[in-house]
Amino acid sequence: MRPILFSCSGSAADLICLAALRASGARLCSIVQTPGELTRADFPGKAAKLFGGEVPWLQVNVPPLRSFFAPGGAPAAGEAQPLSRALAWFASAAQEGAVLLSTTRLTLPAVFFLSDPVRAAKLSKVLVLGGAIYGGDATPTAESRIYDDPEAAEIVLARAENATLLPLETAKQCRVPAARFPNLFPYATEAEKTDAAGLGLLLALEQPQAAACEQYRVRVELESPLSRGCTACDVLCRDKTQPLHAFVTALDVKAFSEAARKAGEALRQGGDWNVET
Amino acid sequence: MWKHKIILDTDPGIDDFFAMLLAADAQNLELHGVTAVAGNQVMDKIATNARGIARLLNWDCPVCLGADRPLLIPQITAAQVHGDTGLGNFPLPADPPQADGRLAWDFIYEEAVALDGELEILAIGPLTNLAIAFLRYPDLPQKLRRIVLMGGATAWGNRGAYGEFNFYVDPHAAEIVFSSGVPIDMVGLNVTMQTGISDAEFDDIARTVGERRKAYSELLEFYRNIYRVNDLGFRIVAMHDSLAAAFLMDESVLEMRPANVQIDCSTGLCRGRSIADFQSTNPNARVAVAVDRPRFWDMVMHSLQNAP
């Protein structure tokens, strides 16, 4: 299997995704964390414990891309170094033909696609948790990860050759029983304990036969006040000038449950998750 | 029998024509006038078609002309769907009535006042005429009983990713209408596309209209072929406008849900998108979500059996 670069916010759901990666034996080359509303302070420690401290981890406090385009919008001085380092990790992963797995806003991948297009083209696949075909959660039209940085999403979707998105409609189906990961999140909300959308995206990567995909031409709305951040999916594919990407529209229930079971098992073998490492 | 008192606001248009046939077949509609609006074709052709259809159906109500372009943005048509005339090669009567001298929005207001809150609008084209009427007569919303319209979509569109043609043509007009406070029933693409005509149904229609009225089946054949020839993204020939007319005649043909509908008036990817929030506590419309197709199809076939 191709190595995986994991771009995430460090949420409880991201830990479920990491557990699934661990369970599947995937080779994780690095974790780049862009903090967000759902970030868990103990994410780095738990991620390190899951992978025995072997996986490089980096946190970059990069603002949404729109601020880059405004006067004085460059990242704060203190963030320049982590950003450079993150981009170097992206480049190194792409050079290896890695898969980019993103479960957060697409700011860092977009900066990578803009700043290093030759190597960005070497990513073997771009997996994006986010977007919505018809209705959003941040607004009636926009899904929150895309809404948080629509310019970045537009850049990634316009440039990625081979993107697969797991949209909100499918993410809502990716629920697991709260008891599946009991020892991981004694603090987490019910919603956080059951959200395994990242696991669904991984399943689409590892077992393509377990994921039904539709090919849509898609762009991100940037101008409309009402629809900003919506992934405008031309489901009839009439505009041939737009990029074509795969949307995971359904997952095999048995395969998903089995992947969740394995991820839960990987966590149980990890012992006490409340202990920071 | 109590009857709906209606003005038909239309841009005929092949599917508008079949909606008008359906309305002509209704026992519970009282047609007070036809108002024409540019949409499927440019105004000259729409006016010719509206007058010609009125003659064909022996309607003696006024036919008033209205807006020849959208409120703010450049005009587009659907000539690639409805052909150069807007009605394929259908032979309309050669002696159509003159258009009424009143403009569409003035006529709508006059009738609304005269009918004292009983008037309903069946709007099956872009909503420009109605929007102008609301701008010109701010008290008009209180004088209308209801608007039943064909437009919008809760899923994908037939223009752009999410835009339905009537709203895509003039999104600003649609937004004005949805903000008017008049009760609105929205019949969108999400249900009209479920009225797609199968090959077997095409054969049924041909048998029903027979040799004497084969112009009707030939018009539908024209409609079907044009979808096949042009790359429109889908090949379903649907009776979009007829479904709105059918709902006015018999509400059981559609399942409706209250929603707050906003129209995206941007000119980019989401132009004309109707954003229906079914969770809203402030609904401004009922939106069609499911169709009783057999019931609808019975009504269509009945209207064809009685077509002139």
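The values are calculated or read from the model by the stated rules, or taken from the named source; none is laboratory data. Since we're looking at a predicted model, the values are computed, not measured. So basically every Cβ, Gly included, is an ideal-geometry build from the backbone, and we count neighbours across all protein chains shown.
Here are the numbers for this structure:
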| item | result |
| --- | --- |
| Some residue of the stretch A:86-97 being acidic (Asp, Glu) and modelled with pLDDT of 90 or more | yes |
| Pick from the stretch B:125-167, criterion within 14 Å of chain A (Cβ to nearest Cβ) and among the aliphatic types (A, V, I, L, M), ranking: farthest from A:ILE133 (Cα to Cα) | B:ALA153 |
| Set A:GLY131, A:GLY198: member being within 14 Å of chain B (Cβ to nearest Cβ), crowded, with 20+ Cβ neighbours inside 10 Å and under 30 Å from A:LYS46 (Cα atoms) | A:GLY131 |
| Residue list for the stretch A:240-264, restricted to those being surrounded by fewer than 14 Cβ atoms within 10 Å (Cβ to Cβ) and at pLDDT below 85 | A:LYS240, A:THR241 |
| Unique residue being within 25 Å of A:ALA12 (Cα to Cα), at pLDDT below 95 and over 17 Å from the mean Cα position of the chain (by Cα) when the list is A:LEU83, A:LEU114 | A:LEU83 |
| Residues that are farther than 19 Å from A:ARG238 by Cβ, buried (at least 24 other Cβ atoms within 10 Å of the Cβ) and among the charged types (D, E, K, R), drawn from the stretch B:148-188 | B:ASP170 |
| Complete set of residues in the stretch A:234-249 that are of a type in the set (Val, Ile, Thr) and more than 7 Å from every other protein chain (Cβ to nearest Cβ) | A:THR241, A:VAL248, A:THR249 |
| Matching residues, the stretch B:176-193, being under 28 Å from B:ILE236 (Cα atoms) and part of a helix (DSSP H, G or I) | B:LEU189, B:ASN190, B:VAL191, B:THR192, B:MET193 |
| Identity of the residue in the stretch B:189-206, of a type outside the set (Ser, Thr, Tyr) and buried (at least 21 other Cβ atoms within 10 Å of the Cβ), that ends up nearest to B:ARG293 (Cα to Cα) | B:VAL191 |
| Filtered residue count, the stretch A:134-156, keeping only those that are within 12 Å of another protein chain (Cβ to nearest Cβ) and of a type in the set (A, V, I, L, M, F, W, C) | 1 |
| Candidates A:ALA142, A:ALA132, A:ALA70, A:ALA158 - the one that is without any contact (Cβ under 8 Å) to a residue 12 or more places away in the chain and at negative phi | A:ALA70 |
| Considering residues of the stretch A:217-233 that are charged (D, E, K, R) and in contact (Cβ under 8 Å) with a residue 40 or more places away in the chain only, the residue farthest from the other protein chains (Cβ to nearest Cβ) | A:ARG228 |
| Some residue of the stretch B:207-219 being buried (at least 16 other Cβ atoms within 10 Å of the Cβ), aromatic (Phe, Trp, Tyr), under 23 Å from B:GLY151 (Cα atoms) and out of contact with any Gly (no Cβ under 9 Å at 6 or more places or on another chain) | no |
| Residue ranges of helices (runs of 4 or more DSSP H) in the stretch B:194-308 with at least 3 members of a type in the set (Asp, Glu) and more than 14 Å from chain A (Cβ to nearest Cβ) | B:199-209 |
| Failed item in (1) under 23 Å from A:GLU192 (Cα atoms); (2) more than 13 Å from the chain's Cα centre (by Cα), with A:LEU65 passing the rest | (1) |
